[in-house]
Amino acid sequence: MFPETKELLSEQEWREDLEQLAHGLKSMHPDLDKMISPVEFQQKIDAIRQNLGTWDDRRIKVEFMKLVASLDDGHTIMPPQPAIDFNVLPFVMHSFEDGYFVLSASRELADIEGAQILQIGTSNIENVFEVMQEHMGAENTGQKLDRFPLYGAMTELLYESGITASPESAQVTFQKD
């Protein structure tokens, strides 16, 4: 969609982006210290800065998402977008009282519609939700449940969180009928 956003950035460009992100968050939130302690916020920025030379672009994007989500603000998020360029599993899931179920799927996977999702990669679906929370900016569990179907389906997030063995795909265990 936006080819210019898919190029790999240099370490210096990532440093500039990190400084811009930190400055933007402080500008947008004059009461940032009420959302996250100044020490913790700076520690997160320093940790990212120190690793820019060793992490690949995918990991850096994930860490930026976690930094933004650490504010626990439902209006300050880093949603998937062309610049993020992450893969998304070909189905839509939703949380119900009795578990997570597939609401819709790609044509090739239409037979899994209505199936319960038991596991993604090495983790049961409830654990996947718990792990993905650190990537989702939200003020409460309801917002996190609302955002989980997208964040929990991004293969790169699943991989970087240790849930799957590949950043491009995921093994998913379903139960139907």
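The values are calculated or read from the model by the stated rules, or taken from the named source; none is laboratory data. Just so it is clear, the structure is predicted and the values come from calculations on it, not from any experiment. Neighbour counts run over all protein chains shown; Cβ positions are idealised from the backbone, glycine included. Accessible surface is based on the protein model in full, side chains and every heavy atom, while ligands, DNA and RNA are left aside. Shrake-Rupley method; radii C 1.70, N 1.55, O 1.52, S 1.80 Å.
Annotations
- Residue pairs exceeding 21 angstrom between C-alpha atoms, taken from Lys26/Lys144; Lys34/Lys61; Lys66/Lys144: Lys26/Lys144; Lys34/Lys61.
- Global form of the range 78-141, assessed from the alpha-carbon gyration tensor, a/c cut-off 1.5: oblate
- Farthest toward positive dipole pole in the range 49-106 [+1 Lys/Arg, -1 Asp/Glu at C-beta], among Ile77, Leu52, Ser104: Leu52
- For the chain, the solvent-accessible area with a 1.4 angstrom probe is 55 square angstrom per residue.
- With all protein chains in place and a 1.4 Å probe, the accessible surface of the range 2-118 carries 51 percent carbon and sulfur.
- Applying both filters, DSSP loop and at most 13 other Cβ atoms within 10 Å, to the GluC sites (Glu not before Pro) of the range 27-133 gives Glu97.
- Under 5 Å from the amide H of Tyr100 lie the amide H atoms of Ile117, each residue being 5 or more positions distant or on a separate chain, with H modelled from the backbone and absent for Pro and chain starts.
- Think of it as helices only: each DSSP H run of n ≥ 4 in the chain is worth -39500 (n - 2.57), and spread over all residues that comes to -12500 deg cm²/dmol at 222 nm.
- With respect to the chain, whose longest principal axis is taken over its alpha-carbon atoms, helix 38-51 is tilted by about 80°.
- Total charge dipole magnitude, the chain, about the Cα centre, Cβ charges on Lys, Arg, Asp, Glu only, Debye to nearest 20: 40 debye
- Heavy-atom accessible area for Thr54, with the other protein chains in place and a 1.4 Å probe, reaches approximately 110 Å².
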